[in-house]
Amino acid sequence: MDLFRSVLYLPASNPRAIEKARGLNCDAVILDLEDAVAPDAKAEARQAAVAALAAGGFGCRVGVRVNSLDTAWGAGDLEALAGLNPDFVVAPKIESAGGVREVAARLPDGVALWVMIETPLSVLRLDQIAGAGAPLAALMLGINDFGERMNLVLGPDREPLKPWLAAVVAAARGHGLLAIDGVVNATDDADRLAAECRQGRAFGFDGKSLIHPAQIAAANAAFSPSAEEVARAREVVAAFAAAGAQGKGAIRVGYRMVERLHLDAAHRLLARHESASTSPQDAPI
């Protein structure tokens, strides 16, 4: 099972950051050609991203966030990726299923598409966007753009965002996609990062977007099953495997009743635990 607990954005125009990323213990890096790159550095960033992909050497999955197709750089970004085959491409400012398909038609074969949910229209059209079909693989919540366009005042609890956190996860789950939570801008606020990671996990996200390597450990920890969760999952699996549970739809485990749906969830959690335990990204570096 592929994990995407920690998804780190890197400005593609920063060669030191890209070189360092080859040894980081995140699950994915995104070479950013969009928000992290100034307009006069777009061409240089594109060339750097192409060179980084051609050189390889990353210990995790690698994506590229291109510019929107309605900018002067979007089409060129996608053309430059032909033959390079990143693991995925991130498309910003997507507001319709047609927008998804327009980007998808320009992707190399076998490259997954992740789309940014970051405008009022995108959250109002979540179902059609999420249902646009392959190669769409993930929804990423773009909190900065969305918050600005909605005129939100966001505190540490992200209270105004909660309906949209749930809506993004529901759309992703309904269409078999990954759901990736948005960034924490305060890179020196470890408590806020940990709280947002816990909240994102509680809402059902698969992982979190990051903007600094120091944020990786908190995301990996929060989006990996805890020891308590693993123990409960193993208890459920063992209980259903017992002779007396054969053919039953619901059984008692300890002080609670569990059904076959809980068994399925237990198997999924244990698969995530196994992936997290054996992932090279979690090995000491």
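Pick out, from region 166-285, the strands (runs of 3 or more DSSP E) lying fully within it that include 3 or more residues that are over 30 Å from Leu124 (Cβ atoms) and open to solvent by 70 Å² or more (accessible area, probe 1.4 Å).
Working: elements: 178-181, 207-210, 250-253, 256-259.
Of the strands (runs of 3 or more DSSP E) lying wholly inside region 166-285, those with at least 3 residues that are over 30 Å from Leu124 (Cβ atoms) and open to solvent by 70 Å² or more (accessible area, probe 1.4 Å) span 256-259.
Just checking, how many residues over region 1-35 are part of a loop (DSSP other than H, G, I, E, B), among the basic types (Lys, Arg) and surrounded by fewer than 24 Cβ atoms within 10 Å (Cβ to Cβ)? Don't jump to the end; show me each part of the working.
Here is the first cut: in region 1-35, the ones part of a loop (DSSP other than H, G, I, E, B) are 1-5, 12-14, 22-27, 33-35.
In the following step, the residues that additionally are among the basic types (Lys, Arg) were identified as 5, 22.
Keeping just the survivors that are surrounded by fewer than 24 Cβ atoms within 10 Å (Cβ to Cβ) gives 22.
Going through region 1-35 one residue at a time, the tally reaches 1.
Pick from region 134-175 the residues that are among the small types (Gly, Ala, Ser) and at pLDDT below 95: which of them is nearest to the chain's Cα centre (by Cα)? Steps first, please.
Let us first name the residues in region 134-175 that are among the small types (Gly, Ala, Ser), namely 134, 137-138, 142, 147, 155, 166-167, 170-172, 174.
With at pLDDT below 95 added as a condition, the list becomes 134, 147, 155.
Working: Ala134: 17, Gly147: 19, Gly155: 22 Å.
Filtering first and then ranking leaves Ala134.
When you scan region 241-276, how many residues do you find that are under 30 Å from Asp2 (Cα atoms) and of a type in the set (Ser, Thr, Tyr)?
Within region 241-276, residues that are under 30 Å from Asp2 (Cα atoms) and of a type in the set (Ser, Thr, Tyr) number 1.
Determine whether Ala130 is of a type outside the set (Asp, Glu), surrounded by 14 or more Cβ atoms within 10 Å (Cβ to Cβ), over 30 Å from Arg101 (Cα atoms) and touching a strand residue (DSSP E or B) at 6+ places or on another chain (Cβ under 9 Å).
On the way: of a type outside the set (Asp, Glu): yes; surrounded by 14 or more Cβ atoms within 10 Å (Cβ to Cβ): yes; over 30 Å from Arg101 (Cα atoms): no; touching a strand residue (DSSP E or B) at 6+ places or on another chain (Cβ under 9 Å): yes.
No: the conditions fail for Ala130.
Run Ile30 past the list (1) within 25 Å of Asn220 (Cβ to Cβ); (2) in contact with a helix residue (DSSP H, G or I) (Cβ under 8 Å, 6 or more places away or on another chain) and report the number of the one that doesn't hold.
(2)
Being surrounded by 14 or more Cβ atoms within 10 Å (Cβ to Cβ), in contact with a Leu (Cβ under 7 Å, 6 or more places away or on another chain) and within 18 Å of Ser68 (Cα to Cα): is that true of Arg149 here?
Details: surrounded by 14 or more Cβ atoms within 10 Å (Cβ to Cβ): yes; in contact with a Leu (Cβ under 7 Å, 6 or more places away or on another chain): no; within 18 Å of Ser68 (Cα to Cα): yes.
So Arg149 does not fit the description; no.
Counting only residues that are closer than 22 Å to Ile129 by Cβ and open to solvent by 60 Å² or more (accessible area, probe 1.4 Å), give me the helices (runs of 4 or more DSSP H) lying completely in region 36-106 with at least 1 of them.
Values: elements: 42-55, 74-80, 97-104.
In region 36-106, the matching helices (runs of 4 or more DSSP H) lie at 97-104.
Determine which member of the set Ala41, Ala54, Ala21 is in contact with a strand residue (DSSP E or B) (Cβ under 6 Å, 6 or more places away or on another chain), modelled with pLDDT under 95 and among the aliphatic types (A, V, I, L, M). Let's see the steps before the verdict.
Working: Ala41 fails: in contact with a strand residue (DSSP E or B) (Cβ under 6 Å, 6 or more places away or on another chain); Ala54 fails: in contact with a strand residue (DSSP E or B) (Cβ under 6 Å, 6 or more places away or on another chain).
After applying the criteria, what remains is Ala21.
The values are calculated or read from the model by the stated rules, or taken from the named source; none is laboratory data. What you see is a predicted model, and the numbers here were worked out from it, not measured in a lab. Counting neighbours? That spans all protein chains shown, and the Cβs are built from the backbone with ideal geometry, glycine included. Only protein heavy atoms, including side chains, enter the accessible area calculation; ligands, DNA and RNA are left aside. Shrake-Rupley method; radii C 1.70, N 1.55, O 1.52, S 1.80 Å.
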